[in-house]
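To keep things clear, I will list the structure first and then write my remarks on it.
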Amino acid sequence: MDLPLSTRPFPPYQARLRQAERQCHTTYNNGHGRRETRTIETITSLNSLLAQLGWSSVKQVFRITRTRISQDRESGERKKTTEVVFGITDLTRAQADAERLLEYNRAHWGIENKSHYTRDVTFREDAHQARSGFGPQLMAAARNTAIAICRLYRYPNIAEARREFAWNPHRLFCMLGFMNY
């Protein structure tokens, strides 16, 4: 029995509309003994639903699938890990297509990793003992200030700048305006 045209589940024109609402982009990277594949899929079809829920500024919804294949150094065994993350953005397709959104996402993690690595390795933030009161906030503010000063004066290596200031605090105080050269 044939269904009327208006009640067919997935007519070709609706499939074309859904395909037009979806964009995909994949990147491949090799390095550091691993292969990484990143695939982003973006859709705009959920915008009206999200607007009804109070998220009217959402222009795209995306899913990023990261697959990493690495080889264990000792056993030589290959290991595959897959991570899937979902996100929303207020950027339109004209402002950022799937390829651009994936670039933005990678750039964000570069900034995030740079910041956390400096805090964890140079300042040993994870090993800090202040756990209550205002101690953690004050220490975080001091670390943020130190990092900002180093970046402001274009020190390429924060650890090296920290050692230099430890050996020559006069230079730091002059930079901060507390003393004259």
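The values are calculated or read from the model by the stated rules, or taken from the named source; none is laboratory data. In this text the structure is predicted, and so the values were computed from the model without any measurement. Neighbour counts run over all protein chains shown; Cβ positions are idealised from the backbone, glycine included. For accessibility, only protein heavy atoms count, side chains too; no ligands or nucleic acids. Shrake-Rupley method; radii C 1.70, N 1.55, O 1.52, S 1.80 Å.
Things worth noting here:
- Crossing angle, helix 98-117 versus the chain [Cα axis fit, 0-90 degrees, rounded to tens]: 30
- For the range 56-166, a simple Cβ point-charge model (Lys and Arg +1, Asp and Glu -1, everything else neutral) yields a dipole of about 40 debye relative to the Cα centre.
- Entry for semi-axes √(5λ) of the Cα gyration tensor in Å (calculated from the structure that is shown) out of (i) 32, 17, 17; (ii) 27, 17, 14; (iii) 48, 23, 16: (iii)
- Dipole of the chain, positive end: most advanced residue of Ile64, Gly133, Phe165 [Cβ charges, Cα centre]: Phe165
- Nearest-ten-degree value, helix 158-167 long axis tilted from longest Cα axis of the chain: 10
- Residue-normalised accessible area of the range 75-181, given per residue in Å² at a 1.4 Å probe: 76
- Neighbour cut-off at most 14 other Cβ (10 Å), DSSP loop, GluC sites (Glu not before Pro), the range 59-117: Glu74, Glu77
- Simple label model, 7 Å out from Cα along Cβ direction - Ala166 to Ile69, nm: 4.4
- The range 33-130, relative contact order in percent, only Cα pairs under 8 angstrom and at least six apart counted: 24
- Relative contact order for the chain: 13 percent, from Cα pairs under 8 Å spaced at least 6 residues apart, divided by residue count.
- Under the combined filter of DSSP loop state and at most 11 neighbouring Cβ atoms within 10 Å, the range 110-181 retains these trypsin sites (Lys or Arg not before Pro): Arg124, Arg131, Arg154.
- Whole-Hz couplings from phi, Karplus 6.51/-1.76/1.60, listed for the range 120-137; x for Gly and Pro: 6, 8, 6, 9, 6, 4, 5, 8, 5, 8, 5, 10, 9, x, 8, x, x, 5
- Total formal charge among the other residues, if their Cβ is under 13 angstrom from that of Arg73, Lys/Arg +1 and Asp/Glu -1: 0
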